[in-house]
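Chemist: Take a look at the following structure, please.
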Protein chains: 2
Amino acid sequence: MIVITREFDAPRDLVFRAHTDPDLLMRWLGPRDLSTAIDRYEVRNGGAWRYVQTDAEGNAYGFHGVFHGDPSPDAIVQTFEFEGAPGHVCLQSATFAERSGKTLMRAVSAFQSVEDRDAMVASGMERGVHDSGERLTELLARLQAS
Amino acid sequence: MIVITREFDAPRDLVFRAHTDPDLLMRWLGPRDLSTAIDRYEVRNGGAWRYVQTDAEGNAYGFHGVFHGDPSPDAIVQTFEFEGAPGHVCLQSATFAERSGKTLMRAVSAFQSVEDRDAMVASGMERGVHDSGERLTELLARLQAS
């Protein structure tokens, strides 16, 4: 299990929207040196999502899953599979709590084996999480300034 | 994480069918003293499933989730939520390996917290798993004899 928490200086509805609107999601998701193209993003119970991240050399990395329950600011629950390691599925949930205009996000990933968890960490997850958090912070500031 | 393995004296296609055909599933799933009614069972990527188990006193227990990927004998991957404890979602996968006409089923449940895992064990999971395994063994024997 991996737990990530981060506070954003924005109301929770906006943080939630940045997680579910494909046009916003593609602007912050992932490491800075990859571009993200959203293939599907059906934000509803059973809806499928898929995106592809591409690096400067043109290498493409696909990810997909389905939503469990209708996503809401209370919780986004989804499965997650990296297409480079098919069959290794994890369960992710994100919750958003607002306090004095700021939003605390808590994201939990549950894996089907310790090896799967360790492989996720070894894949460069830390850089992706770090960059994503920074990029989302910047995007939320721009959205609130405009 | 909870891992359950059980061998069935039946070919894997039949064991898989017993896991995905609602008419068969309702005949073996759960403890012997509960009856199972299948509400939805959409066996496809993103398909929703739901069933309700009822005891002799009329108490009803609902469960639901969605399938990740198209279920096949190689793997059934699904989310799982007991409606009596909303928000506590786990990820389940079942794989089926055939050896000399018998089928080894391996079922893995991944939880989002140790507390969720312990609550599942404390809920009487062991009796449900035990009875389900016995009832499925009996059903597979009847299906092959008929």
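Chemist: Rounding to the nearest 10 and keeping the result within 0 to 90°, find how far the Cα-based axis of helix A:126-145 lies from the longest principal axis of chain A.
Modeler: With both axes taken from Cα atoms, the answer is about 30 degrees.
Chemist: Compute, for chain A, the length of the dipole vector about the Cα centre, with Cβ point charges of +1 (Lys, Arg) and -1 (Asp, Glu) only. Units Debye, rounded to 20.
Modeler: Using only the charged Cβ atoms, the result is roughly 400 debye.
Chemist: Give, to the nearest whole percent, the P(r) tail of the protein assembly as shown beyond 37 angstrom, counting all Cα pairs.
Modeler: For the protein assembly as shown, the share of Cα pairs beyond 37 Å comes to 20 percent.
Chemist: On the accessible surface of the protein assembly as shown, probed at 1.4 Å, how many percent belong to carbon and sulfur atoms?
Modeler: Using a 1.4 Å probe with all protein chains present, the protein assembly as shown comes out at 51 percent carbon and sulfur.
Chemist: With a 1.4 Å probe and all protein chains kept in place, how much accessible area does B:Trp28 have, in Å² rounded to the nearest 10?
Modeler: 20 Å²
Chemist: Report ³J(HN,Hα) in whole Hz for each residue of the range A:102-110, in order, from the Karplus equation J = 6.51 cos²θ - 1.76 cosθ + 1.60 where θ = phi - 60°; Gly and Pro get x.
Modeler: Rounded to whole hertz, the list is 9, 10, 9, 9, 10, 10, 10, 10, 10.
Chemist: From Cα pairs below 8 angstrom and at least 6 apart in sequence, can you work out the relative contact order of the range B:46-146, rounded to a whole percent?
Modeler: Across the range B:46-146, relative contact order equals 14 percent.
Chemist: Something else now. Considering every residue in A:73-81, what mean count of other chain Cβ atoms within 10 Å of its Cβ is obtained?
Modeler: What the average comes to for A:73-81 is 3.
Chemist: If you don't mind, another one. To the nearest whole percent, what portion of all C-alpha pairs in chain A is separated by more than 23 angstrom?
Modeler: Value for chain A (Cα pairs over 23 Å): 33 percent.
Chemist: Report, in deg cm²/dmol and to the nearest 500, the calculated mean residue ellipticity at 222 nm for the protein assembly as shown, where each DSSP H run with n ≥ 4 adds -39500 (n - 2.57) and the sum is divided by the residue count.
Modeler: My calculation for the protein assembly as shown gives -8000 deg cm²/dmol from helical runs alone.
Chemist: Would you work out the charge dipole size for the protein assembly as shown about its Cα centre, treating the Cβ of every Lys and Arg as +1 and the Cβ of every Asp and Glu as -1, and quote it to the nearest 20 debye?
Modeler: About 100 debye.
Chemist: Now for a separate question. Residue-wise, which Karplus ³J(HN,Hα) couplings in Hz belong to the range A:40-48, taking 6.51 cos²θ - 1.76 cosθ + 1.60, θ = phi - 60°, and x for glycine or proline?
Modeler: 9, 7, 9, 7, 6, 4, x, x, 8
Chemist: I would also like to ask the following. Check each of the GluC sites (Glu not before Pro) in the range A:13-122 and keep only those in coil by DSSP with at most 12 other C-beta atoms within 10 angstrom; list them in order.
Modeler: Taking the range A:13-122 and a limit of 12 other Cβ atoms within 10 Å, the loop GluC sites (Glu not before Pro) found are A:Glu57, A:Glu83.
Chemist: Test of understanding: what is the full-extension gain from B:Ala145 to B:Ala97, defined as 0.36 nm times their sequence separation minus their Cα-Cα distance?
Modeler: 15.1 nm
Chemist: Which residues' amide hydrogens lie under 5 Å from the amide hydrogen of A:Asn45, considering only partners 5 or more residues apart or on another chain, with H built in the peptide plane?
Modeler: It is A:Asp70, by chain and number.
Chemist: Let me ask something else. Taking θ = phi - 60°, what integer Hz values does the Karplus form 6.51 cos²θ - 1.76 cosθ + 1.60 yield along the range A:62-76, in sequence order, with x for Gly and Pro?
Modeler: Result, rounded to whole Hz: x, 9, 8, x, 10, 8, 9, x, 6, x, 8, x, 5, 6, 10.
Chemist: Would you mind telling me which residue in B:Val114, B:Val43, B:Val52 has the biggest mean-square fluctuation in a Gaussian network model of chain B, where springs connect alpha carbons within a distance under 10 angstrom?
Modeler: Looking only at B:Val114, B:Val43, B:Val52, the largest GNM fluctuation is found for B:Val114.
Chemist: Taking every Cα atom in the range B:88-146, find the radius of gyration and the maximum pairwise distance Dmax, and write them in Å.
Modeler: 14.6, 44
The values are calculated or read from the model by the stated rules, or taken from the named source; none is laboratory data. A quick note: this is a predicted structure, and the numbers were derived from the prediction, not measured. In this analysis, Cβ positions are derived from the backbone assuming ideal geometry, glycine residues included, and neighbour counts consider all displayed protein chains. For accessibility, only protein heavy atoms count, side chains too; no ligands or nucleic acids. Shrake-Rupley method; radii C 1.70, N 1.55, O 1.52, S 1.80 Å.
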